[in-house]
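Structure, as structure tokens:
Here, each number is a calculation from the coordinates, and none is a lab measurement. A quick note: this is a predicted structure, and the numbers were derived from the prediction, not measured. Cβ coordinates were reconstructed from backbone atoms using ideal geometry, including for glycine residues, and neighbour counts include every protein chain displayed.
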């Protein structure tokens, strides 16, 4: 099977990463690449690491340009995907790496994004209970946010096994590429290097309702989430420290068993041997998720920590994994669990 | 007043930092500098940033060498301070930057440090309730750990004002100098750069009982602490994200008021204007503590975040501040609230 | 003596650094702070590391605002200083941290800056032969560029002692703050971290004629300079590797002797002991210059390497040093040779 | 064809990188993995990024363990390869990633490595004139040093086309992995981050004679090389700035033409479009070499700059490329020109 793929928004970090992965995907043929302010420019000037595509030129993001592809990846600013998707045929697999179709609750969307809700698409986090089946054969996929990917995978086993109280406290550190290529003063190298800083504190981050949605579905009850994201001095990677109070009767063994069961057959999620903790460097550029969990008996809390590459498993790798499932390919096609380290 | 100061352990990061500060302290005269494996070497080869001391040579850490000083700073491995301190006169101000005399509970010490408890000295975190008075005129000071400094200052106002439930969840990121100059593979630049990783997860970090001690004293009740430290790709800095469930009736206003009151007269702790969050870069090399606090109504939690320089306010700056108080000098002598940024 | 100082362009990196230094300068009183697009904003939001000035508000850069100060530092974009300086009285000490008044050759200026030449002011690199005397009592100072500071100090002794042929080859690495706070894609943290890249290759960098001017003056003949700047993943610091073919008869001893003589009485330039090489970390935040020199007999070249902090000695520290000389203060007032490391 | 491959020295950076590449090489089957001090440990604890090999255990480096493989990669300390290679059959392809068999001149070896010369093997830099042919069918390969790879590829076209005078001046910046996993104080993250520093200045670096050998062969005459390596705050990457005085009559066009010709058919060396300069981030984890060249007319010098990943093209990727040629496989098998960026 050869699938012809277009990428809308190929000049940004998510677009660049999906191209990096598609270039080594044995079934993908890279078609149209589009941009907005960068239309007309050579990809070699915008994404110099993608040498095999250096000579390609970005086109405008129009229905005509995107037509004639089997799969279209959308790496567009929030709120723009619905209009583009509508103009693509129902037989085209549309994979949205933005937020537009992730949330089920329209009021959540409106509160956090301040615009009308466009709808809900099958959710591209196949490791969640029931998610893989919903992706099979689907023509629309909403790729999860990077933080919700790291957090949901770290914590859903505790909720699915009814081990944790419905109040999660999560602090995550992200590399700067998670903020995109937007030209903002606090993202300058001079500001970022040597510094850790929080943002969106106190429930304000847009990824919070997505975590609540995922963890609540696993728990079968409403979960309260306290989420604090921080910006770390590294280009890539998310380290998510996720804790919840343990329910009565929980033991270190029951926690371990729940996590072993949850990830037993997962090709990309790796529960580390006891005593070894995840580091983002280990999953640099890979689609792997490194997870470890502990039960702190003195504090009575489960602490689950995951490391992902925010651009790979957290965005473009999750997108390709979902594409594989939707098309009926082997889920791991073109993806790796090998990181680039040191 | 001129005080003659010796530093035992001058080749490490804590020793180097206390020298950096003493060099600009108007009342301090730097006397003996000692080391262990580095005795006999020029300081210029070991601490090349301390140009005015480049020609000084490290001596052995013996009572003879340390004798005849008004103040002795100990920057020694844990467990070695008691033996050295015993040999110094009772009229000498001994300031221990190690852990030996921080904990009040001998069983806590024995569980976390696996050795006999040496005792408890006045605690060098003057901003805590009652701590300043205990330091005045004291001849012995136990400098707090770097994490307990950041965490206690971020969270004690919530406990002192009875705003928070007695279960704190804390995740902190530290620069690598917090781990010292020990030659361990995971501290190599190649391993650290581009990576975030946790350690001491699940209650295992030795700074946990110190936090429990400080927050419990502020609260007047036992506090449970879930503490997860992480290693961040930067040389200096701690960002501590500290959360606790709010007690009934708490409002954003009552939280803000408690923090304003707690820090109103503190020369080094700066409660940021609402909406501005701390970054470790802002306190690089300074003795300042940048704090912000929010009340997340949806999650029902108080989130207090502090940024310090782990080597300055977190170790050597706190030590000099305590020295000033113990000697009856102005508390801010020789210290700055100005960071080196960007 | 108390001098009242204004800073025009206080929101940028050079402006922030001069304020960081003036805050600890015993004779300086900080007056007006101005900005352009940031006028009306609190300095605490723009320069959060300058805690003592957090409440100050930026004003517009107008003659009225700048009037009534003894010293005015200009941290403005190239080409804007002349117009501002003209409106300040001749009795006001004006210190330009931009390029406008550095070059003596009008055609050099016009070729590299593509605008009319504004003139030439006494040059604020007192360590160069004759420069200190020209600064004494002067009411106008042109602060050197950061690269020319590092390069000229590394190489002028070789030329002044007639040890080197008149063709220098220089490669320097700079931290990102050297490029300022301009919002350019290649300065984003995501692009900078983990990457080294050159720019302005082949003689195109605007600092090249300034190096030629300084080295030529020391040599008494025209010097050809091949200069390649590179951007390094760090916020601050310049490491300049400067080489020139040795003249016949040169020996390692004659080279060493020339450098020892050149820096014997300099308070800020430190010729390292033989075998020790400079690192930018050692001069982080300090006004010191660390220099080492070697004679590579096999290649027949002198290799001189200097490390400076581009914002301190390379810009604002050099400016304050020049201010001290111009005002008749001790040259080292308010400045340090102690770096912030690690 | 399936080739069974062993790696001696699998716990270090070079060994880890060759495994990272072999894991995706379609013809390679990974056999024995050996270590010295780490024998008996799980690879998952030593190289956590190599998830598919996490359960493999390191064996001792003995002839018995290495027997029965088609290819053996040696990632051993300098001086140890000869003894191991002797014990392997002549029909086994032995690829040495150390320095032992790189130099042709025994006196060069003895001067720089202070031990007897073991011999010279075909040199694994196929892009050099004549090198590819010597590798075809060979059973022994000496993989070049990382700096000589970057420098030789940047500069040999100028010498092969007789454009440059026989005196090269080279300054290169390397990521810290180039120094290996050795536990040395100056390689600690705290020392490295935020700092640039030189080492081996003045002709002392062991890679200098290798550069002289390569460039001299291209030029057909003895080349003098002034080489200064610097340590940059990044895990991977080399940026080599290489300059040489142009011979009379050289023009920008003749330089460009020589480089276009030299790399026209090379799968891994990419001469960037005019005006675009290499960055190490673009080749992160890839086997590509990004090259640009300029002619500085004012200084009369050719400036050629290359960026490589020191562990990939600079070590393990070059090794696999050479293996492919020696075995008669397509040279690019299992290798990529796509970097991991940002």
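The table below lists the values:
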{"quantity": "Percent antiparallel among DSSP beta bridges (both partners in the range D:219-308, rounded to 5)", "calculated": "85 percent"}
{"quantity": "FRET efficiency, residue B:86 to residue A:199 (Cβ-Cβ, R0 51 Å, nearest 0.05)", "calculated": "0.55"}
{"quantity": "The range A:29-102, Rg to Rh (Cα coordinates; Rh as Kirkwood inverse mean 1/r)", "calculated": "0.97"}
{"quantity": "Cα-based helix-to-principal-axis angle, D:317-327 vs chain D, degrees rounded to 10", "calculated": "70 degrees"}
{"quantity": "Highest-fluctuation residue, B:151, B:94, B:24 considered, GNM on chain B with Cα pairs under 10 Å", "calculated": "B:24"}
{"quantity": "Prolate/oblate/rounded call for the range B:98-172, Cα gyration tensor, a/c under 1.5 rounded", "calculated": "oblate"}
{"quantity": "Directionally averaged shadow of the range C:228-269, computed from the convex hull of its alpha-carbon atoms, nm²", "calculated": "4.7 nm²"}
{"quantity": "Exam field: residue D:264 pseudo-label spacings to other copies (7 Å along Cα-Cβ), nanometres", "calculated": "6.2, 6.2, 8.2"}
{"quantity": "Nearest 10 degrees, 0 to 90: helix A:252-263 Cα axis against chain A principal axis", "calculated": "20 degrees"}
{"quantity": "Debye intensity ratio in log₁₀ form over the Cα atoms of the range B:175-290, taken at each q of 0.11, 0.13, 0.19, 0.22 Å⁻¹", "calculated": "-0.50, -0.70, -1.30, -1.43"}
{"quantity": "Across the identical copies, how the residue C:37 labels are spaced - nm, sorted shortest first, 7 Å along Cα→Cβ", "calculated": "1.1, 5.1, 5.2"}
{"quantity": "Cα convex hull volume per residue for chain A (Å³)", "calculated": "133 Å³"}
{"quantity": "Gaussian network model of chain C, springs between alpha carbon atoms under 10 Å - residue of C:126, C:198, C:185 with greatest fluctuation", "calculated": "C:185"}
{"quantity": "Least to most buried among C:245, D:313 (fewest other Cβ within 10 Å first)", "calculated": "C:245, D:313"}
{"quantity": "With Cα atoms, 0 to 90° folded angle of helix B:208-219 axis to chain B main axis", "calculated": "60 degrees"}
{"quantity": "Antiparallel %, DSSP beta bridges [both residues in the protein assembly as shown], to 5", "calculated": "50 percent"}
{"quantity": "Residue order, fewest to most beta carbons within 10 Å, for A:227, D:263, D:268", "calculated": "D:263, D:268, A:227"}
{"quantity": "Label distances, nm, residue B:106 versus same residue in remaining copies, Cβ-directed 7 Å point", "calculated": "6.9, 7.2, 8.7"}
{"quantity": "C:111, D:102, A:222 arranged by Cβ crowding within 10 Å, fewest neighbours leading", "calculated": "A:222, C:111, D:102"}
{"quantity": "Overall form of the protein assembly as shown per C-alpha gyration tensor (a/c, 1.5; a/b vs b/c)", "calculated": "rounded"}
{"quantity": "Percent of beta bridges antiparallel (DSSP, chain A, rounded to nearest 5)", "calculated": "45 percent"}
{"quantity": "Area projected by the alpha carbon convex hull of the range B:1-147, averaged over all directions, nm²", "calculated": "9.2 nm²"}
{"quantity": "For residues of A:200-211, the mean tally of beta carbons on other chains within 10 Å", "calculated": "3"}
